[in-house]
Amino acid sequence: MAILEASRPAAPRGGGTSADRGFRPEVQGLRALAVLMVVSYHVWFGRVSGGVDVFLLISAFLLALSFLRKVESGRPLDLVRHWLHQFKRLLPAVVVVILGMLGASYVLVPQSRWSDVIEQSWASLFYVQNWVLASNAVDYYASDHSQASPLQHFWSLSVQGQVFILWPLLFLASAVVARRFRLKFRGVVFLVFGVLFVGSLAFSVWETYTNQAFAYFDTRARLWEFAFGTLLALALPFIRLPRFVRVVAGWAGVAAMLSGGFVLDVQGQFPGYVALWPLVAAALVIVAGQTDSAVGVDRLLSSRPLVKVGDLSYALYLWHWPVLVLALIWQDKAAPGALGGFLVIGVSLVLAYLTMRFVERPMRALAWADRRRRRAVIVLMVCLGLVAAPLAGWQQVIRQQAEQAASQTSADNPGAVSLLPGYTDEVSEDAVILPELSTIRGDFPRLEPCSVESTSIPSDLAASCTQRLAEGEASKTVVVVGNSHAQHMSTAVVALAEKYNWTVIDLISLGCPFGPAEAGTTPECAEFYERSTAYIEDLAPAAVFTIATRTQFGSTAETLMPDFGRTVQRFTDRGIEVIGVRDNPRFDFNMPECTEENADALELCTPPKDQVLPAVSPLESFDPGTALYTSVDMTDLVCPGNVCPPIIGNVYVYIDNNHISATYWRTMVSRFEERIAHTAVLKSA
């Protein structure tokens, strides 16, 4: 597999010579070009290059050639031995990189991000990182890489690792079908992977349009890229092109590869049909093959420097991203700059060479482990244990610290209660600020997934729905709907639900201002609005809680949610009460990390309120003309006086630069209840 594979590729030559054999140095050079694209685009341009897509194609191309040769030569497909052999070669380098990253993260990465580092280390070790990133809705295109995970790039290795398991099974199934029904093996393979190509591409186009952030990491939306490489391996022996055409095709492919990251809107359109650009570009280079021409691109790609970089490609890909991210964290920068970029690449190359020289090659030469399956299993178990032991130990330390902090009395962490009239300070001198920094990123309400039986939730909305069921018969059902700020606000709603035995249904779409399509929202957000609004109208809950305004990062700009009056009217016309809560301020820096860096100068983390919020809330002039609507403003408890501090009452107010912690929301519940005491949902409680 291209990124995963450490050995040199055996592949058919272009122009119709040997069908399945022969070392092609230009493919190794193509691999080098792809990894250099990935690295340079990440380091200097903050963009996605399309180089990873080239890796995916090469992966499947080489894997297909290998299995075609095995089946057609009559050799048995011992898949267990194959998997053990391959992961024995691949996992040691992964272990070295993860261990190096863990050590550096302990020193350089803020405690508030430790839990993410640990979670993604486990995910990377077991090749499921792409699903973790997809479920966390990670912004892979964020320009500030210092805020990214040092292991974020493992998403592509995880996708390839999963395909590395699946593809041999598909080849085995094809061989069995061909033998059982006396069909041509290559014909069956073409049918299987052709269907997979069409199906996955159609799914990729659909998911990229409806949920591009998730689609980018979704294995299902990437399978067609691997199928493309497999079909290329099948078709190549039948492609006969004149030398001149192959020379032109080779250079056209390289030019398209190098320009794709700038020409294409990778951020908004990959991996849908637009990803055909880098795939077709790489296919042109492979089809061109060895032209034996003085002006052929294969002379460049077969050059010794590029072939050597191709040998380093796996280790270089593994190292470049954590080196970049950790360097930016260390320097507190959003980008490395020109000189810093060269230093990052230089360090990555040195680490890649050392990894290849002292880890990859020795493991490839370890014939002892290849002679017996159990020996290969032992090697893999040792590799896993080398990472699992420190990870489990670190998790245990964090868990103990969190448990110790949580055992404090409420007097040690009064939060917003400390702002109330008549408050007496009883915080102990050694009391820990909550939530504990190493777990703060996860301090948001966690409800159970919605069940059709209890909520009648339609399938197209189920992924956005969580619930808190009442004990026995619910006195009321209420809905919290909107973006992530609504999700955090539901902490207070759930606290009231526990007190009054309500059922709470959370309908959350991260990053979506809650408004209709004509108000300028994205298609996926508009679709969420229509589906959730229709569901709420059918459900007819006692009340709907939502965030009514939207603030901006580091700015006093604040507006009502798109067409908010229409939203209120849709619900209140059906007798559903609406409680609109003012949005909290958003900052241009991470609050908890700022307190870590400036523990003795918290004023640096305490911006004036008039720099992040307008003097008058848009809610003050909003009047939908119905008694079924109530506005709630909690700003005085988040920004008391004229400042917005990161810590109030020994509680962190924020978990990042814009989300109020669930711990702090719980300390505001009494005031939240007071401010909606006149509403129908509480009056009849």
>> I'd like the residue in region 436-467 that is more than 22 Å from the chain's Cα centre (by Cα) and closer than 17 Å to Glu530 by Cβ and, out of all such residues, is modelled with the lowest pLDDT.
In response: Ser459
>> Could you go through region 630-639 and let me know if any residue there is part of a loop (DSSP other than H, G, I, E, B), among the small types (Gly, Ala, Ser) and over 33 Å from the mean Cα position of the chain (by Cα).
In response: no
> How many residues are open to solvent by less than 60 Å² (accessible area, probe 1.4 Å) and either farther than 15 Å from Met561 by Cβ or assigned to a helix (DSSP H, G or I) (or both) if we restrict to region 610-624?
Replying inline: 5
> Is there any pair with a first residue in region 177-188 that is within 16 Å of Thr230 (Cβ to Cβ) and a second that is loosely packed, with under 12 Cβ neighbours inside 10 Å whose Cβ atoms are under 9 Å apart and which are 6 or more apart or on different chains, and what are they?
Replying inline: Ala178/Lys184; Val188/Phe181
> How do the pairs read when you match residues in region 69-85 that are farther than 14 Å from Ala369 by Cβ and among the β-branched types (Val, Ile, Thr) with residues anywhere that are modelled with pLDDT of 90 or more and outside any loop (DSSP other than H, G, I, E, B), using Cβ under 9 Å and keeping only pairs 6 or more apart or on different chains?
Replying inline: Val71/Phe171; Val71/Leu172; Val71/Ser174; Val71/Ala175; Val71/Ala178; Val71/Phe185; Val71/Val189
>> If a residue must be out of contact with any Ser or Thr (no Cβ under 8 Å at 6 or more places or on another chain), hydroxyl-bearing (Ser, Thr, Tyr) and surrounded by fewer than 20 Cβ atoms within 10 Å (Cβ to Cβ), how many such residues does region 513-562 contain?
In response: 3
>> Residues that are open to solvent by less than 40 Å² (accessible area, probe 1.4 Å) and under 22 Å from Arg89 (Cβ atoms): list the helices (runs of 4 or more DSSP H) wholly contained in region 299-417 that include at least 2 such residues.
In response: 304-331, 337-355, 373-406
> Going by the structure shown, is Phe87 at pLDDT 90 or above, closer than 22 Å to Ser303 by Cα and aromatic (Phe, Trp, Tyr)?
Replying inline: no
> Among the residues of region 418-459, which ones are aliphatic (A, V, I, L, M) and either over 27 Å from Val117 (Cβ atoms) or open to solvent by 80 Å² or more (accessible area, probe 1.4 Å) (or both)?
Replying inline: Leu419, Leu420, Val427, Val452, Ile457
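The values are calculated or read from the model by the stated rules, or taken from the named source; none is laboratory data. Predicted, not measured: the structure shown is a model, and the values here were computed from it. Glycine also receives a Cβ, built like all others from the backbone with ideal geometry; neighbour counts cover every protein chain displayed. Heavy atoms of the whole protein, side chains included, go into the accessibility calculation; ligands, DNA and RNA do not. Shrake-Rupley method; radii C 1.70, N 1.55, O 1.52, S 1.80 Å.
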